[in-house]
Amino acid sequence: MKRGEAVFPALILAFTAAMLALGYFHYQYSWTAFAFPLAAGLVVSLLCAFEIAAILRRPGTRAPRAADTPSLSLAGLAWLFALAAFLYALGFVFGAALYLLVCLRGNHFSWRLSVGTAVVSLFVTWGVFVKVLGIQLPIKPLWMG
Amino acid sequence: MLDAFLSAAAQLFNPLVLGAMLLGLPLGVVIGLLPGLSGITAFAFLIPFTFGMPPLVGLAFLLAAYAAVSQGGSMTAIILGVPGEVPNAATVIDGYQMTKAGRAGEAVGAALMASALGGLFGCVLLVILLPIIQPIVLSFASPENFILALAGIAFIAVLGSGAPNRGLIAGALGIFLSLFGYSPTEGVPRFWMGIDYMLDGFRLVPLAMGLFAMPEILALMTTGRSIAQPEGLEPISLRQVVKGGLAVFKYPGLFFRSCTIGSVIGMMPGVGGATAPFVAYAAAKQTAGDPDTFGSGRIEGVIAPEASSNAKEGGALVPTLALGIPGSASMALLLGAFIILGLQPGPEFLVKHPDLAFAAAMILAFGNVASSLLMFLLSKLLIHITRVPGRALAPILLVLVMIGSYSAENNPIDVLFVFVFGGLGVAMDRLGYNRPALLLGFVLGEMIERYYQVSVSAYGASFLMRPISIVIIAAALLCLLWPNRTRVLRYWRYR
C-alpha cells in the first residue's frame, strides 16, 4: 500500500521533470520564458520527492484519505468510458441519447424510464443547446469529420 | 458611487437579468440538494450555459444559482445527515439530531432564516466595503499582488486538508499546468509537444469538470446507490418551520457574531469555504452557558454555521472583485467565469465597472432570500431527487458534463481532457490530495507569472522587501503557522 501511494507523487514528479527537460533541451526556451515554469516545476518536484520520502519512511501506516471512497469497479469505469465511444460513433445529439438508453437498460431500469430519458436528452441537446443557445453540437458522427 | 449603485439596481430589473436569476435559482437548489455537488460543481456545470450571454445576465445566472446551492446543501444536512457540501457538514452536528428528535421542520426553518439573513449581511458588508477598499487596493502593486496570490494558494493548500504537503503539491501542480501554452510576456508556446490544441494550454472548464464532477459520477456509477439513504424521514410541518425561523431573532448576538466570523474569514483569500461554519459553530459552543449540550440538537448549533456559511459568500466576493484574487475555491471558478464573460476582476474592475460590482452584491442578496423562499416551498418535493438510484443519475450527469465541456469552445478535444483530468481528480480524491488547491493554482498561475515578471522588471530582485510585501508575508506566515503553533513550539524546544 505504501508503494502504491508513492506512485502518484512519483508520476507527477516524472511528468514535471519530463516537461522541464523538454523545455530546456528540446525547445531551448529563453530565460525569460522558462524561468517561471522552471521555478514552479522545481517546487513541484521537490514537494513530490519530499512526499515520496515521507511515505516510504512511514512505518506501515496509510496516509490520510479525503473521504471513505468506494473501490473502483470495472463495470462502472466501462459505462463511464462508453459515452466517449457513443459520442465518437454517433455524434453528440444521437450518441448521448442512445448512450442513456443503453446505459439505463443495461443497469436494469425500465424501458419507459430509459426511453423517456433518451427523449429528454434529445430535447435538451437538440432543442436547448443547438436551437435555443445556438451551440453547434456535432450532429454527425465525429469520425466523419 | 451612488450613481453606480442606482445604475446597478436599475439593471437588475431588466427582464433578461431577472429571467436569468429565476432560471439559476432552481438549478442551484437542485445541485445543492445532491450531496457532494458543491458551489464549485454548480459553477462547473453552469458556466458553459453562459457562453454568448451579456456579462450581467451571465453573472445573474451564476450568482443566483450559487446562492441557492448552499440552501440545498443545508436541507440534506439536516434531514438526511448528509452534507450537501463541506461547509454544510457543521450543520449536521445539531441539525440531524433535531431531525431524529422529530424537530426537522424547526431546524429547516432556522437554517433557511439564518442563511437568508446571513447572506444579506454579507452582501451589505460587500456594498459598504467596495468603495472603502478601493484606495487600499490601489496602493497594492505587482509585488503585493504576487505575494497575495501565492499566499491564497498556500492557505487553501495547507489549511484545506489534513495533509499540508499534498495540498502544496496540488497547488504548485496547478500553477505549473497553467503555464502550458503561449507565455503571457513573450508569446512563446511552452510545452506544446507539437499538438495544436496545446498552443493555448490546458483549458479551465475540462479541468474543473474532470477534477470535481467525474469522481462524484464514478462513485455513483460504481456503488449504484442513491446519494442519500432516507431512512426514517420525518414529515415537515409549516408550524415547525415558522417556529425555527423565528428562533433566529431570539439569538441576535449569536447571529451577528457568526455573520461577522463568516464575512471576515470569507475575505481571506483561500481560507473561506469550509472553515467559516466550523469556526462559527465552535464560537457558539464556547460562548454558550452549557456547551456540553451542543451536538444533542441545539438550535444555536444550526443558526451559527448557516449564518456564517452564507455571510462568507459576500465576504469572499470582496477580494475576488477588488483584487482579482478568489476568496475561496468556488470564487476561483467564478473568477474564471468573469474572464469567460469578458470581465477582468481586480483594482481596474472597480474603476471601470462599479455598477457590475454592486449588481453582483445585489444578485447574491436576492439569491439568498429567494432561494430560502423557494426551498421552503419545495422542501418536501425536492428531497426525492437524492433518492434517485446512482446508476440512473450518473449517466445523466455524465452526458451533461460532456455536452457542457464541449460547448465551452466547440472542441471535442475538451471532452477527451475531461476524462484525463477526471482520472487525475479520482486519484487525488482517493489519495487525499487537495483538488481545490490545484484549481486555485491553475486559475491564478498565469496571473502570478505576470505579476512576477512585472515586479522583477520594475523593482528588481528586492521586490519582496517592500514594506507592504513584508507585512503580507508576515501575516500569511502567522496565519499558516498559528493552527500548528504547538507542534512548531515543541519542535523548537526539542532542537
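The values are calculated or read from the model by the stated rules, or taken from the named source; none is laboratory data. Only a predicted model underlies this, so the values are computations on that prediction, with no experimental measurement involved. Neighbour counts are summed over all protein chains in view; Cβ atoms, including those assigned to glycine, are modelled from backbone coordinates with ideal geometry.
Taking B:VAL443 as the residue in question, decide whether it is farther than 25 Å from A:LEU137 by Cα and without any contact (Cβ under 8 Å) to a residue 40 or more places away in the chain. Lay out the reasoning, then the answer.
Working: farther than 25 Å from A:LEU137 by Cα: yes; without any contact (Cβ under 8 Å) to a residue 40 or more places away in the chain: no.
So B:VAL443 fails the test.
Is there a residue in the stretch B:434-443 that is surrounded by fewer than 18 Cβ atoms within 10 Å (Cβ to Cβ) and of a type in the set (A, V, I, L, M, F, W, C)? So that I can check it myself, show each step before the final result.
Let us first name the residues in the stretch B:434-443 that are surrounded by fewer than 18 Cβ atoms within 10 Å (Cβ to Cβ), namely none.
No, the stretch B:434-443 has no match at all.
From A:LEU77, A:LEU72, which residue is on the phi < 0 side of the Ramachandran plot, touching a Lys or Arg at 6+ places or on another chain (Cβ under 9 Å), at pLDDT below 90 and at the interface with another protein chain (Cβ under 10 Å from one of its Cβ atoms)?
Values: A:LEU77 fails: touching a Lys or Arg at 6+ places or on another chain (Cβ under 9 Å).
A:LEU72 is the lone residue from the list that is on the phi < 0 side of the Ramachandran plot, touching a Lys or Arg at 6+ places or on another chain (Cβ under 9 Å), at pLDDT below 90 and at the interface with another protein chain (Cβ under 10 Å from one of its Cβ atoms).
Which pairs have Cβ atoms under 6 Å, sit 6 or more apart or on different chains, and link a residue in the stretch B:416-430 that is at the interface with another protein chain (Cβ under 8 Å from one of its Cβ atoms) and farther than 20 Å from B:GLY404 by Cα to one that is among the hydrophobic types (A, V, I, L, M, F, W, C) and part of a helix (DSSP H, G or I)?
B:ALA427/A:PHE8
Just give me the residues in the stretch B:447-464 being surrounded by fewer than 17 Cβ atoms within 10 Å (Cβ to Cβ) and modelled with pLDDT under 85, in sequence order.
Of everything in the stretch B:447-464, those that are surrounded by fewer than 17 Cβ atoms within 10 Å (Cβ to Cβ) and modelled with pLDDT under 85 turn out to be B:GLY460, B:ALA461, B:SER462, B:LEU464.
For B:VAL108, state whether it is in a helix (DSSP H, G or I) and modelled with pLDDT of 75 or more.
On the way: in a helix (DSSP H, G or I): yes; modelled with pLDDT of 75 or more: yes.
Criteria met by B:VAL108.
Each row is one residue, and each column tells you yes or no for (1) within 25 Å of B:VAL426 (Cβ to Cβ); (2) modelled with pLDDT of 90 or more; (3) under 22 Å from the mean Cα position of the chain (by Cα).
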{"residue": "A:ALA85", "(1), (2), (3)": "yes, yes, yes"}
{"residue": "A:GLY95", "(1), (2), (3)": "yes, yes, yes"}
{"residue": "A:ARG112", "(1), (2), (3)": "no, yes, no"}
{"residue": "A:ALA118", "(1), (2), (3)": "no, yes, no"}
{"residue": "A:VAL128", "(1), (2), (3)": "no, no, no"}
{"residue": "A:VAL132", "(1), (2), (3)": "no, no, no"}
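Of the conditions (1) over 21 Å from B:ARG450 (Cβ atoms); (2) touching a helix residue (DSSP H, G or I) at 6+ places or on another chain (Cβ under 9 Å); (3) surrounded by fewer than 21 Cβ atoms within 10 Å (Cβ to Cβ), A:TYR29 fails just one. Which one is it?
(1)
Determine, yes or no, whether B:LEU168 is at pLDDT 75 or above and over 22 Å from B:ALA458 (Cα atoms).
On the way: at pLDDT 75 or above: yes; over 22 Å from B:ALA458 (Cα atoms): yes.
Criteria met by B:LEU168.
For the stretch A:7-16, check the following and say yes or no: at least one residue is touching a Gly at 6+ places or on another chain (Cβ under 6 Å), crowded, with 20+ Cβ neighbours inside 10 Å and outside any helix (DSSP H, G or I).
For the stretch A:7-16, residues touching a Gly at 6+ places or on another chain (Cβ under 6 Å), crowded, with 20+ Cβ neighbours inside 10 Å and outside any helix (DSSP H, G or I): absent.
Name the residue that is surrounded by the fewest Cβ atoms within 10 Å (Cβ to Cβ), counting only residues in the stretch A:103-145 that are within 9 Å of another protein chain (Cβ to nearest Cβ), of a type in the set (Val, Ile, Thr) and in contact (Cβ under 8 Å) with a residue 12 or more places away in the chain.
Only one residue tops the list, namely A:THR117.
So B:PHE176 ticks every box in (1) at the interface with chain A (Cβ under 9 Å from one of its Cβ atoms); (2) in contact with a Pro (Cβ under 8 Å, 6 or more places away or on another chain); (3) farther than 14 Å from A:CYS48 by Cβ but one. Which box is left unticked?
Of everything listed in (1) at the interface with chain A (Cβ under 9 Å from one of its Cβ atoms); (2) in contact with a Pro (Cβ under 8 Å, 6 or more places away or on another chain); (3) farther than 14 Å from A:CYS48 by Cβ, B:PHE176 misses just condition (3).
When the residues of the stretch B:431-440 are filtered to those that are at pLDDT 85 or above and assigned to a helix (DSSP H, G or I), which remaining residue is nearest to the other protein chains (Cβ to nearest Cβ)?
Looking at residues that are at pLDDT 85 or above and assigned to a helix (DSSP H, G or I), I get B:LEU431.
Just a yes or no: is a residue in the stretch B:408-415 part of a helix (DSSP H, G or I), farther than 27 Å from B:GLU186 by Cα and facing another protein chain (nearest Cβ under 9 Å)?
Start the filter on the stretch B:408-415 by keeping residues that are part of a helix (DSSP H, G or I), which leaves B:408-409, B:412-415.
Subset that is farther than 27 Å from B:GLU186 by Cα: B:412, B:415.
Going one step further and asking which of them are facing another protein chain (nearest Cβ under 9 Å), we end up with B:412, B:415.
Yes: one or more hits.
Considering only residues that are over 25 Å from B:GLY28 (Cα atoms) and hydrophobic (A, V, I, L, M, F, W, C), look in the stretch B:291-321 and name the one that is farthest from the chain's Cα centre (by Cα). Steps first, please.
First pass over the stretch B:291-321, keeping only residues over 25 Å from B:GLY28 (Cα atoms): B:291-300.
Now restrict to residues that are hydrophobic (A, V, I, L, M, F, W, C): B:294, B:299.
Values: B:PHE294: 27, B:ILE299: 25 Å.
Looking at residues that are over 25 Å from B:GLY28 (Cα atoms) and hydrophobic (A, V, I, L, M, F, W, C), I get B:PHE294.
Among the residues of the stretch A:21-55, how many are within 7 Å of chain B (Cβ to nearest Cβ) and aromatic (Phe, Trp, Tyr)?
The number of residues fulfilling the criteria is 3.
Hey, among B:ALA283, B:ALA274, B:ALA228, which residue is at pLDDT 75 or above and surrounded by 15 or more Cβ atoms within 10 Å (Cβ to Cβ)?
B:ALA283
The conditions are (1) at pLDDT 90 or above; (2) under 28 Å from B:GLY171 (Cα atoms); (3) β-branched (Val, Ile, Thr); (4) surrounded by fewer than 20 Cβ atoms within 10 Å (Cβ to Cβ), and A:VAL44 fails exactly one of them. Which is it?
Only one criterion in (1) at pLDDT 90 or above; (2) under 28 Å from B:GLY171 (Cα atoms); (3) β-branched (Val, Ile, Thr); (4) surrounded by fewer than 20 Cβ atoms within 10 Å (Cβ to Cβ) is unmet by A:VAL44, namely (4).
Could you check, for the stretch A:54-69, whether at least one of its residues is at pLDDT 90 or above and charged (D, E, K, R)?
The answer is no, given that none of the residues of the stretch A:54-69 is at pLDDT 90 or above and charged (D, E, K, R).
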